[in-house]
Amino acid sequence: MSDTREVISSGNELAALAAYDSGCLFYGGYPITPSSEVMHAMTDLMPKAGGAAVQMEDEIGGVAAAIGAAMAGVRSMTATSGPGISLKAENLGLAQMAEVPLVVVNVMRGGPSTGLPTRVAQGDVAQAKNPSHGDYKSITLCPGTLAECYTEVVRAFNLADRFMQPVFVLLDETLGHMHAKAIIPTAEKVKSEIKPRKTFDGDPKDYKPYGVGDDEPAILNPMFSGYRYNFTGLHHDADGFPTEEKETCRKLIDRLFRKVDAHRDEIESNEEFMLDDAEILLIGYGSASLAIKEAVVRLRDEGIKAGLFRPITLWPSPEKRLYELGQKFDKVLVVELNQGQYYEEIQRAMARHNIEKLTKTNGRPFSPQDIIDKVKEVF
Amino acid sequence: MALRPIKNLKEFSTANERLEGAHLLCPGCAHSMIVRELMNATDDNLVIATNTGCLEVSTAVYPYTSWDTSWIHIGFENAASAISGAEAMYKARKRKGTLKDPDAPVKFVAFGGDGSTYDIGFQWLSGAIERGHDFTYICLDNEVYANTGGQRSSSTPVGASTTTAQAGRVSYGKKEKKKDIVAIMAAHGAPYVAQVAPNKWKIMAKVFQKALETEGPCFINTVSACTTEWKFDPKNTIEVTDLATDTLIFPIYEIVNGTELNILYRPKKVLPVEEYFAAQGRFKHLFKPENRHIIDQIQKDVNERWEYLQRREEARV
């Protein structure tokens, strides 16, 4: 029997279906364009799964309810757009600090502020790295195709449970509202690959939720299972109780970084498109990569050997691979729907400044011709 | 309180429009009727803040604007906060004598839909009323998130079908009761609180005028029939609103200083609530036999509510 199926759907609906197939049982959210279809679909799917979808009174309530449900032990999700992330920021910081697994879908639109509610942008890439105050290491995935709106949400749930922290999935207005055929894994396949979060099943007296190795995530047993611990956004010790003891505080934040940094190989995901014999390196992600691929093919028709490197995990960035590519290619062009938020990360990772960029912030997607023209202009 | 005389119909219809008609609100939307009437009810300078919502997205589409006033579009939840800041600074500058024309009359007004008033902006409105800024807050209550695809709000009434509280085989739509926002605002001790509807335009204009003339925070809930989400023919906005007020689903009344309740409109003939429901697609499932009891329950609630309002009017407490 085939492991895949063909569906006709939109990015937003596929994100919801992926949550359902991944065993998500809770959705907390609030209406916001262009992500509302995720909530519409979840209000239908969650009761069918025996879970609940709750429309809260605002964005803050949406993420806080999702945190509560995650603490209760179930897979939990919220979806919104950039202005919603801005409001949720405080609670996203709490979820990082207290190590709550959560999937946060952001269907990006033009910003800042209310911006361009019905138009596309990739302006929340920097925000996803550090949405709130304080130090922690974000995990952010960025689908570039309709099918990935499904598969990356599936991956996000597994990563959230693995690393015990919120995982962002950055869709954008183009992908969220794109309606077409997609080939996605079957629900059975997804279910068979679910990796639930670790639990502790020893004597409740010995349970230390945050007393783990220095590169390991917390082990938070679900509520109502006989294990008791303290939950807080304050610096805390192995039991979860607040502390200001300097070594404990240092170790806690070090661990929040190390649990991600030491396991980058489990998180990193990239696509390399026609890169082997390329002379010009294009870098782009998300919906912009659709136009870049088309541009690569058309440039090659004209004898210009271009190729695409597409990070699917944006944070942590694929810095090793970027460095290698930076050494190999003289001609590098970064294409993104913002003023260069990821461009700066690529400059850092490649340790060089002579990188070209093509940016757009008027709410319109790139056309392949935009990219072809830019390549001919700068190289 | 001595009110300046209200404009008559002729004066209303011949006065300069303060909200230009060339906006992008849906045909039949009651928002523009309400906003227009508020603005035309006064010749004073207006400073207006508007929460994100249908009104905001439709009245200022680049490069055009419908507003002849100072106009602040703020986030989804903060019109009451922004107008608080504007009003506080106006007062401070007036005290300092740094205003160009200190005697020019200025009124501060904030608009929000029910989503931004009953839900996301609730805390900010509550704070502004408690602090006692001199402003009038108008809620354009269409009982749904009309700007983002018709999701339920805490103003959506029992039995209405929305995209996140859908009627179907197992559900009759929204199950939770609509918040009584008028009572909540009156309980803040606001000097003037009212609920009005655009079909009774003279009452509405009088109430707006009273709110603008009252010193301190005033809250007006306005019934704004939504042709798109309530699902009725755009030409029937006023007819549907007539049914809302004549079935007493939306009683029209004011509360002065938190205690003195006055009913401002008594229907000559009170209609059964099902006439109101029958006029709108969002309630059509209520007429299935298995949902009839919902209509009966709502009728009972409406009767009790009307009885309560009349008793409060009489008791003056």
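The values are calculated or read from the model by the stated rules, or taken from the named source; none is laboratory data. Just so you know, these numbers come straight off a predicted model, no measurement behind them. Heads up, the Cβs are rebuilt from the backbone with ideal geometry, glycines too, and the neighbour counts pull from every protein chain shown. Surface accessibility is based on the protein's heavy atoms, side chains included, excluding ligands, DNA and RNA. Shrake-Rupley method; radii C 1.70, N 1.55, O 1.52, S 1.80 Å.
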Practice task
Calculate for chain A the 222 nm mean residue ellipticity that helices alone would give, adding -39,500 (n - 2.57) per DSSP H run of length 4 or more and normalising by residue count, nearest 500 deg cm²/dmol.
Solution key: -12000 deg cm²/dmol
Handout entry: Highest-first arrangement of B:21-34, A:176-189, where packing means the average Cβ count within 10 Å
Key = B:21-34, A:176-189
Exercise for the section: Determine the percent antiparallel among the DSSP beta bridges restricted to the protein assembly as shown, to the nearest 5. Expected result: 30 percent
Exercise for the section: List the relative contact order of chain A as a percent without decimals, with contacts defined as Cα pairs under 8 Å and 6+ residues apart. Expected result: 16 percent
Practice task
Can you work out the accessible area per residue across chain B, with the rest of the protein chains kept in place, probe 1.4 Å, in square angstrom?
Solution key: 45 Å²
Problem - Tilt relative to chain B, helix B:201-213 - C-alpha long axis, 0 to 90 degrees, to 10 - result: 40 degrees
Exercise for the section: Could you work out how far the C-alpha centroid of the stretch B:140-203 sits from that of the stretch A:57-86, in angstrom? Expected result: 24 Å
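Rounded to the nearest 5, what % of the DSSP beta bridges within chain B are antiparallel ones?
Roughly 30 percent of the beta bridges in chain B run antiparallel, per DSSP.
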Exercise for the section: Mind checking A:30-43 for the average number of partner chain beta-carbons within 10 Å of each residue's beta-carbon? Expected result: 5
Handout entry: Average accessible area per residue (Å²) across the stretch A:69-110 - probe 1.4 Å, nucleic acids and ligands excluded
Key = 15 Å²
Practice task
Take every DSSP beta bridge whose two residues both sit in chain A, then give the antiparallel share in percent to the nearest 5.
Solution key: 35 percent
Practice task
Please name whichever of A:288, A:342, A:332 sits farthest to the positive end of the charge dipole of the stretch A:271-378, dipole taken about the Cα centre and charges placed at Cβ: Lys and Arg +1, Asp and Glu -1.
Solution key: A:342
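Measure off, as a whole percent, the carbon and sulfur share of the 1.4 Å-probe accessible area of the protein assembly as shown, all protein chains present.
53 percent
For the stretch A:1-64, what is the relative contact order in percent, using Cα pairs closer than 8 Å and at least 6 residues apart in sequence?
Details: 77 pairs, mean separation 22.6, N = 64.
It rounds to 35 percent for the stretch A:1-64.
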Exercise for the section: Quick one: compute the contact order of the stretch A:181-261, relative version, from alpha carbon pairs under 8 angstrom and 6+ residues apart, as a percent. Expected result: 26 percent
